[in-house]
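Any read-out appearing in this document is the output of simple, stated calculations on the displayed coordinates, not a laboratory observation. This is a predicted model, so every value here is computed, not measured. Quick reminder, even Gly has a Cβ in these numbers, built from the backbone with ideal geometry, and neighbours come from all protein chains shown.
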Amino acid sequence: MSWEVTEEKTGSGRIRTLTNQLYPAWTIETKFTYLTDAERRALMGFIASVKGGYEPFLWLDPEDHHESKAPLAHISGNKYQAVIRWGTYVEPCAYIENPVVYVDGVKRDSSTYAVSDGIITFKNAPDSTAVITADYDYWWKVRFADSKFSTEMLFNNINRSDSFKLEVVR
């Protein structure tokens, strides 16, 4: 995570800070330590299809991708935003799957709401005082930070990739 912060120090030692970022810049670094030849070809084909760092895509972090009983942010009327929580800090999700929605702790039938990207829209808006929470898997919207990518053949049908970085885009 990184923030662009501008600092200005006055003669008396007071510090003023400023940022124009609403959300932090996230960078995910990963690599594939074991790929079959077929997996390597599929990965290289995917990277070619998004033109390296040109087109964003959705990334499911294999280690951290689930929220349980997450309070949803009320957007307006019957629309609620799914979020990713980092302690007390929250930011909106780009895309969610497998949502289970609760209104005041009671599970709602999936036919009573629709999901589009990270937004849950109720067919009938819950009471304005209702607490809306949900369980879901979230995906990051990312792009390759570098347009170069390579793999190394270790043995017959055993390959690995170099380390690569993904940048979250909004």
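Put simply, the convex hull of the Cα atoms in the range 1-78 casts, on average, a shadow of 10.9 nm². Of the GluC sites (Glu not before Pro) found in the range 51-116, the ones in coil according to DSSP and having at most 15 other Cβ atoms within 10 Å of their Cβ are E63.
For the chain, state the semi-axes of the equivalent ellipsoid (square roots of 5 times the eigenvalues of the alpha-carbon gyration tensor), sorted largest first and rounded to whole angstrom.
Working: eigenvalues 239, 155, 33 Å².
So the three semi-axes of the chain are 35, 28, 13 Å.
If you average 1/r over every pair of different alpha-carbon atoms in the range 110-154 and take one over that average, what Kirkwood value in Å do you get? Each step should come with its number before you reach the end.
Details: mean 1/r = 0.0673 Å⁻¹.
One over the average 1/r among Cα pairs gives 14.9 Å for the range 110-154.
By the Kirkwood approach, averaging reciprocal distances over each pair of separate Cα atoms, the range 65-154 gets a hydrodynamic radius of 14.3 Å.
For the range 93-136 versus the range 1-69, the inter-centroid distance based on Cα atoms is 27 Å.
Across the range 22-47, the residues whose backbone nitrogen lies under 17 Å from the label position 7 Å along the beta-carbon direction of T6 are 22-23.
Spin-label model, S68 to D135: label points 7 Å out along the Cα-to-beta-carbon direction sit 0.7 nm apart. How much mean residue ellipticity at 222 nm does the chain get from its helices, if each DSSP H run of length 4 or more adds -39500 (n - 2.57) and you divide by all residues, to the nearest 500 deg cm²/dmol? Roughly -2500 deg cm²/dmol at 222 nm, from the helical runs in the chain. Other residues lying with their Cβ under 15 Å from the Cβ of H74 contribute a combined charge of -1, Lys and Arg counting +1, Asp and Glu -1.
If you run the Gaussian network model on the chain, springs between alpha carbon atoms under 10 Å, then out of W86, W26, W59 the most flexible one is W86.
Of the trypsin sites (Lys or Arg not before Pro) in the range 7-108, which ones lie in a loop per DSSP and count no more than 15 other C-beta atoms within 10 Å?
R14, K31, K51
Here the Gaussian network model covers the chain, with springs between Cα atoms less than 10 Å apart; of L35, L60, L18, L18 fluctuates the most.
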